[in-house]
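Scroll down for the structure; my scribbles are underneath it.
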Amino acid sequence: MNSTPPASHLFLALSCVTVGVGPGGTTSMVARVAVVDYRGQLVFDKFVAPTMPVTDYRTSTTGITEADLYSNDAWPFNDLQQYVANLIKDKIIVGHSLWNDLSVLGIPHPAAATRDVALYQPFRNALRTPQQIVGLQTLAWQLMCRRCQEGQLHPIENARAALDLYRSSSEEWERAISRCDWPCALPPSTFSRCYL
């Protein structure tokens with residue numbers, strides 16, 4: 001059994017921001033993607049050109065406007081999907097509620113190569129909410145006295161906050177995995193297609 005923790009270059013933290021499409025804007029479509037490395041340095045941050053009409057930009061929480069998604073800097077979805085898929089291939093991805101990010105990106109990833117702070121059981125136990133998905137803002141504040149998501153969602157900040165939460169318990173987390181004792185709850189079953 002290998003108890004050596006994975007090397008830091010194998011880790012990337014991922015966060016997406018979505019806008020709404022369809023009637024009432026209730027269906028989420030990826031609008032911005034950010035990826036940072038193990039040290040929190042920015043690797044990738046791009047807006048995504050819409051693949052269908054946006055009915056709710058969710059600007060009050062996302063900060064995203066029509067101009068962001070229709071600018072020359074916004075990447076076509078297929079190009080972005082392929083780029084991010086290549087970027088995270090053979091990497092361990094860190095994030096909060098990663099199933100949402102993988103779902104809107106349409107990219108499956110090996111479950112064993114995810115470190116989802118929303119599912120990490122010791123965090124849930126510490127906050128006495130074993131059956132609930134605890135928000136990133138709550139986790140960061142309660143476990144690190146760190147503020148995030150005040151005002152609008154910012155994917156770089158979210159990726160860094162999730163990464164810092166992971167790093168705060170990485171030794172215990174990886175030790176549990178090396179013992180074949182997976183320390184996370186399962187993601188919602190409706191998102192099983194997001195995992196290999």
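Where residues in region 19-35 are within 21 Å of Leu136 (Cβ to Cβ) and in contact with an Asp or Glu (Cβ under 9 Å, 6 or more places away or on another chain), which of them is most open to solvent (accessible area, probe 1.4 Å)?
Across region 19-35, the extreme among qualifying residues is Arg32.
Mind listing whichever residues of region 1-43 are under 30 Å from Arg175 (Cβ atoms), in a strand (DSSP E or B) and either touching a residue at least 60 places away in the same chain (Cβ under 8 Å) or of a type in the set (Phe, Trp, Tyr) (or both)?
Within region 1-43, Phe11, Leu12, Ala13, Leu14, Ser15, Cys16, Ala34, Val35, Val36, Leu42 meet the criteria.
Among the residues of region 100-118, how many are open to solvent by less than 10 Å² (accessible area, probe 1.4 Å) and within 13 Å of Pro188 (Cβ to Cβ)?
Residues that pass the stated criteria total 3.
Mind listing whichever residues of region 158-172 are part of a helix (DSSP H, G or I) and either open to solvent by less than 60 Å² (accessible area, probe 1.4 Å) or aromatic (Phe, Trp, Tyr) (or both)?
Residues satisfying the conditions are Asn158, Ala159, Ala161, Ala162, Leu163, Asp164, Leu165, Tyr166, Ser170.
In the list Ser103, Ser28, which residue meets the criterion of being touching a Cys at 6+ places or on another chain (Cβ under 6 Å) and under 25 Å from Tyr166 (Cβ atoms)?
Ser103
Which one is modelled with the highest pLDDT, of the residues in region 123-137 that are surrounded by 14 or more Cβ atoms within 10 Å (Cβ to Cβ) and part of a helix (DSSP H, G or I)?
The extreme case among them is Phe123.
The values are calculated or read from the model by the stated rules, or taken from the named source; none is laboratory data. Since we're looking at a predicted model, the values are computed, not measured. Backbone-built Cβ (ideal geometry, glycine too); neighbour counts: all protein chains shown. These area figures cover heavy atoms from the full protein model, side chains too; ligands, DNA and RNA do not enter into them. Shrake-Rupley method; radii C 1.70, N 1.55, O 1.52, S 1.80 Å.
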